[in-house]
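Structure first, then comments.
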Amino acid sequence: MSDALVIEAVRKTITVECVVEEAFRVFTKDAISWWPLDSHSIHGDEVKEIVFEEREGGEIYEVTADGRRGHWASVLEFEPPNRIVLAWNILERESSPTEVEIRFTLDGNATRVDLEHRGWEAVEEDGEAKRDNYDSGWDHVLGFYERRLR
């Protein structure tokens with residue numbers, strides 16, 4: 001039997017009133033229109049652009065008006081318009097990133113968006129506390145996304 005610590009993944013589900021393609025497009029290409037930069041970014045209100053390189057091996061990062069960049073994640077899997085898997089490392093101090101998977105599924109005339117943030121065991125320090133912070137943090141972030149698509 002293993003003594004390895006297992007930390008439960010963060011799981012969130014929302015439904016947005018649009019087609020899958022639009023939900024995916026807004027999440028990837030138009031994050032600047034809804035992401036709460038003041039509370040959930042590296043450079044806060046100085047951010048002028050969020051770049052999402054739409055390909056496996058791509059990056060997600062923020063850019064300020066003076067050109068400073070803040071790395072958020074690396075794209076591990078990119079399957080438009082249904083699925084994205086990211087190596088999430090917004091704080092850069094973590095040597096072992098966690099993994100975020102977002103799935104977009106048709107649900108009648110709407111789209112179900114499922115987010116799973118996993119791999120907390122790889123976090124070197126305070127993995128459980130960081131997981132708990134992200135549990136409420138994703139509620140906040142996805143609330144902005146949901147409102148953008150109303």
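Of all the options Ala31, Ala87, Ala129, the one that moves most in a Gaussian network model of the chain with Cα springs shorter than 10 angstrom is Ala129. Amide H contacts of Trp72: Ile60, Tyr61, Glu62, each under 5 Å away and 5 or more positions distant or on a separate chain (H built 1.01 Å from N in the peptide plane; Pro and chain starts excluded). Phi angles of the range 28-38 translate, via the Karplus equation with coefficients 6.51, -1.76, 1.60 and θ = phi - 60°, into HN-Hα couplings of 9, 8, 10, 4, 4, 7, 9, 5, x, 4, 4 Hz per residue; Gly and Pro are given as x. What shape does the chain take by its C-alpha gyration tensor, where a ≥ b ≥ c are the square roots of the eigenvalues and a/c under 1.5 counts as rounded, a/b above b/c as prolate, and the rest as oblate? Taking the square roots of the gyration eigenvalues as a ≥ b ≥ c, the chain is oblate. Largest GNM mean-square fluctuation among Glu99, Glu62, Glu79, using the chain with Cα springs under 10 Å: Glu79. Within straight-line reach of Lys130, meaning a Cα separation under 17 Å, sit the following lysines at least 8 residues removed in sequence or on another chain: Lys12. Near the amide H of Val47, within less than 5 Å, lie no amide hydrogens of residues on another chain or at least 5 residues away, with H placed in the peptide plane. Note: relative contact order over the chain, using C-alpha pairs below 8 Å and six or more positions apart, is 29 percent.
Since every read-out is calculated from the coordinates, none of them should be taken as a lab result. Since the structure is predicted, the reported quantities are computational estimates derived from the model, not experimental observations.
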